[in-house]
Every structure is written in structure tokens, then in C-alpha cells.
Amino acid sequence: MRLAALPVLLSMAALFVSCHNEKKKEPPVLNTIQLGQTTLSLTRVANHLNVPWDLQYDRKAHAILFSEIAGVIKRLDLNTYKVSPVARITDVYHQRTTGLLGMALYQPEQGPDYLFLSYTSKTGDRIYSNLLRYTYNNGKLEAPLRLLRIPGNTGHNGSRVLVAKDQKVYWATGDAASDSFAQDSTALNGKILRLNLDGSIPKDNPIPSSYVYAWGFRNMQGLTQSESGAIYTSEHGDAIEDEINLIRPLQNYGWPQIEGKHDTEKEIAIAKRSPRTEPVRSWTPVIAPAGLAWYGSDAIPEWKNSLLLTTLKSQSLRILHLSANGLQITDEAILFANYLGRLRSVLVLPDGTIYFCSSNRDWNPQKGFPKPTDDGIYRLQKTTDTTAPVLRPQKSPVLQEQSGKALYESYCASCHKTDGKGLLNTFPSLAGSRLVNGDANKLLQVLLHGAGGKASDGISYEASMPAFAFLKDEEIRVLTNYIRSSFGNAASHISLETVKNNR
């Protein structure tokens with residue numbers, strides 16, 4: 001596909017100055033991480049960034065190329081830790097989760113280097129997701145070529161990109177908040193799309209003359225490939241069932257008819273009529289998975305053959321150990337929970353060094369963030385220095401019967417915040433809310449059935465609220481009473497019978 005309208009690049013090549021001869025000053029080690037026989041150091045190598053979204057390794061320059069969501073591409077020189085601007089993509093539309101998102105840097109042994117970009121744009125009142133290819137020449141972007149443009153929205157644009165071992169481009173697209181796109185195999189939203197490097201349709205695609213490789217996705221946030229060629233994605237669920245999926249051609253992953261595992265009578269019946277593929281891992285309560293990278297290096301033997309996953313809601317780096325055949329996740333460990341804030345993207349270098357970035361200046365900051373030096377890029381690597389404070393990975397907690405406060409923290413606090421005050425113009429405040437303190441039946445209807453960007457207490461909010469009907473009646477009762485008696489609220493308690501009558 002060729003479209004005439006292409007973005008204008010503001011060239012910043014003149015700002016690049018070779019710094020390789022400068023003396024490299026190592027930043028201080030923040031923590032050491034103890035893993036059995038291996039010790040890692042955690043170091044912050046870049047500060048004061050503006051919501052970095054994707055990290056790519058420039059092997060020719062030994063640098064990290066990264067996107068910032070507002071439309072800027074920068075490069076972090078790993079010889080000096082200096083950050084330099086590369087380009088600004090001028091037609092990026094940035095609002096909340098839209099903007100300059102996924103990238104894939106393709107550097108073959110022979111032929112030109114290409115940088116593939118996924119970003120949102122807006123023309124009139126229409127929002128689009130775009131996939132563009134640039135020639136990447138010594139830190140400069142040249143010859144922009146739009147490969148695809150598909151419907152976008154103010155959310156659910158997905159937008160990770162991968163150039164796989166088969167020399168094909170894989171684009172993970174979101175469902176653009178549509179109930180119909182993901183299950184429509186003729187639509188390009190809610191899909192894994194497979195393209196040639198020039199944007200044409202590969203002749204060996206599973207559906208002839210179609211970009212569609214797999215479908216049934218909500219909002220994919222991570223995309224990676226193992227040494228064996230297996231492709232994995234991470235995906236945001238709604239109020240439940242965040243997912244890790246193993247991608248296979250012509251597979252239907254279920255959304256929106258099925259969320260996560262096939263574990264309800266309705267979902268089992270749907271999958272029996274029309275085959276659907278279950279995730280290899282799902283989480284309820286949701287953790288808001290983000291970037292994903294396969295780890296296959298001997299540098300950290302404890303993590304070999306694992307998926308590294310950054311998360312936003314649970315603010316952690318998760319190590320998902322794979323079975324030998326890559327078909328199952330056999331164990332899970334959690335690092336940095338609520339320590340560095342929201343974590344967006346993760347990258348593994350050929351030598352096994354790990355880099356990941358925070359996302360604390362984005363649209364939904366959590367308690368205590370952003371810090372004055374946010375956002376940052378961090379490095380994890382093997383070390384013999386054990387003088388810094390020690391951190392150890394934690395096991396994933398086992399979900400048990402929860403109090404109202406625990407339920408609130410699991411399902412509500414990431415949006416409405418721990419103090420119940422919400423986020424201006426995005427998530428309503430629960431403190432002093434007429435809905436919370438008024439008719440319990442109205443509040444229960446919102447909890448059970450959700451609300452789509454409606455006004456609350458006379459104020460219109462951008463974000464919609466998912467349905468929480470998956471919670472048990474007693475959990476709904478306990479959660480609702482906690483909200484009605486916290487944050488300065490003093491509404492009467494509701495009974496279990498009232499919850500049941502609102503189902």
C-alpha cells in the first residue's frame with residue numbers, strides 16, 4: 001500500500017557528535033540482585049526521558065534507539081551513556097495511550113538498514129494506526145514509506161513490531177476499541193499481521209492475499225521471538241485475564257467472545273463450536289503487561305529460556321520460565337514490584353545484558369511517581385560487586401480470600417488511586433461521590449456492568465470502566481461496602497441479597 005501523505009521529518013543529524021573517544025563514566029549501582037549462583041547489578045543509565053515506549057538495539061553503533069510517545073526518536077550511546085535526538089515524527093497524534101509506539105530495527109549483514117515505526121495519527125476526526133518504514137543510515141531516518149494505515153482509536157492500538165527470523169515484518173495491532181474487528185478475519189485490527197519488508201503480502205501467508213496471520217486479540221503490548229522461532233505476545237485484558245500468547249498461523253485467540261482461559265460454560269461452548277487458542281499464561285487480577293523479550297543467553301543461566309515481561313499496573317519486571325519446548329510457562333518470578341514505577345519496554349542485547357525503561361510520566365502515574373529524574377532506562381548485568389543493597393525475585397502471590405481493601409487495591413486502585421481521588425478528567429473520584437454515597441443499586445449496576453466514558457457526578461470522563469460481574473457476590477458486597485465507607489464516605493452498608501438482586 002502506498003499513500004501520498006507522508007510525515008515530515010525534522011532532521012537532527014547535525015546534532016550527532018561522535019563521543020566514542022570520551023571517557024566512559026559508569027553510573028552508580030542502585031541494587032544487586034541475587035539469583036542463586038549469579039549476582040546482577042541494577043544501574044540507571046539514562047534520566048529525564050519523556051515516556052520511552054520501545055527500545056531497539058543498534059548493533060552497528062552499540063546504542064539503544066528508543067521512541068518517546070509524543071513523537072520523538074532518540075539514541076542512547078552505550079559507550080558514553082549520552083542521549084541524542086534522532087528525529088521527530090511530526091504527524092504523531094498523542095493523547096493518553098496514542099502516539100509513537102512500537103519500533104523494529106532491521107540491520108542485515110548486507111543491504112540497507114530499516115527502522116519500522118508504528119504510531120497513531122489523526123486526520124479531521126479520524127484516528128489511524130500507521131506502519132512506516134524508514135531507511136536508517138548512521139543515525140538518520142530517510143526515505144519514509146507508509147506500508148499500512150488501519151483504523152485507530154483513543155486506545156487499544158496495540159502496536160508492537162517485529163522483524164522475525166523469516167525476514168518478515170509482524171505487526172501486532174489492537175482492536176481499536178471495536179467489538180467486531182478482532183473476530184473479523186477481513187479486518188486488520190486485533191490481529192497479528194505479516195508483511196514483506198516492502199509492505200507487500202507474503203505469498204506464503206496463511207490466508208491468500210491477506211496480511212492476517214492470527215486474530216482474536218484485544219490490545220497487544222509485547223511481541224518477541226525465541227531462538228527456535230516461536231513468537232509470543234503480551235496483551236491487556238479488560239478487568240480480567242491479561243495474557244501471554246504463543247502465536248501460530250490461522251489461530252483464533254478468542255477476543256471478545258472469550259477472555260483468557262476457557263473457564264466458563266459459555267466460553268467452553270464457544271470454543272467447542274469454533275476452535276479457539278488459549279493463552280499460555282493469564283492473570284486475574286490484571287497486571288497490565290507491557291514489553292516482552294525472550295532471554296536465551298548463558299550470561300544469566302537462571303533465566304535462560306525465559307520471557308522477560310515489564311508491567312504497568314503491578315510495576316514490575318517478571319521472569320516467566322518456559323518449558324523446554326516453549327509451550328508452557330513453568331514458573332514466574334517478580335522483580336522491582338512498586339520500586340521503579342511503571343515499566344514499559346525491555347530489551348536483551350546479544351551478550352545477555354538487559355535494558356528496560358520506566359513509564360512514569362505517562363497518562364496514569366501511580367502513587368509516588370513520577371520521580372524528579374523520571375523517566376529512565378535501566379541496565380541489568382552480571383556483576384561481582386555485592387556492596388549495593390540486595391534485592392531478590394519474589395514468587396507470584398497466591399490469590400486468597402480478600403478483604404474489601406485488598407480487593408480495591410487489586411482491581412480499583414490503579415485507576416481510582418489508593419486515596420480514592422481518581423485522575424482528573426480520566427477516572428472519577430470516589431471521595432464524596434454522589435454515585436458512591438447514593439442509591440446502592442445504581443452503584444452496583446456500574447460495578448457489575450461497567451460504564452463507557454459516561455458522566456459521573458456531572459463530570460464527563462474519558463476512560464471507560466470494565467464490568468466486574470466476574471467477581472463473586474460476596475466479593476462485590478465486600479468491595480462496595482469498602483468504597484462506601486472509605487475516602488471520607490459514610491454511606492450505609494449493602495446486603496448480600498441486594499447484590500444478588502442486581503445480577
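Rule-based calculations on the coordinates, nothing more; no lab input. Model, not experiment: these values are computed from the prediction. Reconstructed Cβ throughout: ideal geometry from the backbone, glycine too, with neighbour counts over all protein chains shown.
Values for this structure:
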{"quantity": "Virtual spin-label span in nm between Ser464 and Asn196, 7 Å along Cα→Cβ", "calculated": "3.8 nm"}
{"quantity": "Evaluated at q = 0.13, 0.14, 0.19, 0.20 Å⁻¹: base-10 log I(q)/I(0), Debye formula over Cα of the stretch 203-345", "calculated": "-0.59, -0.67, -1.15, -1.23"}
{"quantity": "Rounded FRET efficiency, nearest 0.05, which uses the C-beta distance separating Lys304 from Ser485 and R0 of 51 Å", "calculated": "0.55"}
{"quantity": "Calculated [θ] (222 nm, deg cm²/dmol) that DSSP helices of n ≥ 4 give over the chain, each run adding -39,500 (n - 2.57)", "calculated": "-2500 deg cm²/dmol"}
{"quantity": "Cβ crowding within 10 Å averaged over residues, with 223-230, 120-127, 413-420 ranked highest first", "calculated": "413-420, 223-230, 120-127"}
{"quantity": "Straight-distance crosslink candidates among aspartates and glutamates, where the alpha carbon sits under 12 Å from Lys272 and sequence neighbours closer than 8 are dropped", "calculated": "none"}
{"quantity": "Amide H partners (placed H, <5 Å) of Val280, local residues excluded", "calculated": "Ile244, Asn245, Leu246"}
{"quantity": "Relative contact order computed over the stretch 404-501 (Cα-Cα under 8 Å; 6+ residues apart), in percent", "calculated": "29 percent"}
{"quantity": "Table column - 3J(HN,Hα) (Hz), the stretch 122-136, Karplus curve with 6.51, -1.76, 1.60, x for Gly and Pro", "calculated": "9, 10, x, 9, 9, 9, 10, 9, 10, 10, 10, 10, 10, 7, 9"}
{"quantity": "For Ser345, residues with placed amide H under 5 Å, excluding near neighbours", "calculated": "Gly291, Cys357"}
{"quantity": "Long pairs among Lys168/Lys191; Lys313/Lys367; Lys367/Lys405; Lys140/Lys168; Lys442/Lys500; Lys60/Lys82, criterion Cα-Cα beyond 18 Å", "calculated": "Lys140/Lys168"}
{"quantity": "Burial ranking of peptide ranges 345-353, 264-272, 436-444 (average Cβ count within 10 Å, highest at the top)", "calculated": "345-353, 436-444, 264-272"}
{"quantity": "Dipole magnitude (debye, nearest 20) for the chain, charges at Cβ of Lys, Arg, Asp, Glu", "calculated": "700 debye"}
{"quantity": "Length gained when the stretch Arg503-Cys415 is fully extended (0.36 nm per residue, less Cα-Cα span)", "calculated": "29.3 nm"}
{"quantity": "Separation in nanometres of the label points that stand 7 Å from Cα toward Cβ, at Ser209 and Lys272", "calculated": "3.8 nm"}
{"quantity": "Convex hull of Cα atoms in the chain, direction-averaged projection (nm²)", "calculated": "24.7 nm²"}
{"quantity": "Using alpha-carbon coordinates, inclination of helix 440-449 to the longest axis of the chain, degrees", "calculated": "40 degrees"}
{"quantity": "Amide H contacts under 5 Å for Leu147, placed H, 5+ residues apart", "calculated": "Leu131, Leu132, Arg133"}
{"quantity": "Qualifying lysines (Cα of each under 22 Å from Cα of Lys304; at least 8 residues distant if same chain)", "calculated": "Lys165, Lys382, Lys395"}
{"quantity": "Relative contact order, percent, the chain [alpha-carbon distance under 8 Å, six or more residues apart]", "calculated": "11 percent"}
{"quantity": "Table column - 3J(HN,Hα) (Hz), the stretch 496-503, Karplus curve with 6.51, -1.76, 1.60, x for Gly and Pro", "calculated": "4, 4, 5, 4, 4, 5, 8, 5"}
{"quantity": "Computed FRET value (nearest 0.05) for Ala324 with Leu435, which takes r as the C-beta separation and R₀ as 35 Å", "calculated": "0.10"}
{"quantity": "Label-point separation, Gln445 to Gln37 (7 Å along Cα→Cβ), nm", "calculated": "6.4 nm"}
{"quantity": "Normalised contact order of the stretch 75-224, rounded percent, pairs of Cα under 8 Å and 6 or more residues apart", "calculated": "16 percent"}
{"quantity": "Per-peptide average of other Cβ atoms within 10 Å, ordering 47-54, 466-473 highest first", "calculated": "47-54, 466-473"}
{"quantity": "Label-reachable residues, the stretch 101-130, where backbone N falls under 13 Å from a point 7 Å from Ala164's Cα toward its Cβ", "calculated": "none"}
{"quantity": "Label zone at Asp184 (point 7 Å along Cα-to-Cβ), backbone N below 14 Å, the stretch 203-232", "calculated": "216"}
{"quantity": "Fewest-first sequence of Glu259, Glu243, Glu332 by Cβ atoms within 10 Å of each Cβ", "calculated": "Glu332, Glu259, Glu243"}
{"quantity": "Taking Met220, Met465 and counting other C-beta atoms within 10 Å, the order from fewest to most", "calculated": "Met465, Met220"}
{"quantity": "Rg/Rh ratio calculated on Cα atoms of the stretch 404-501 (Kirkwood radius)", "calculated": "0.92"}
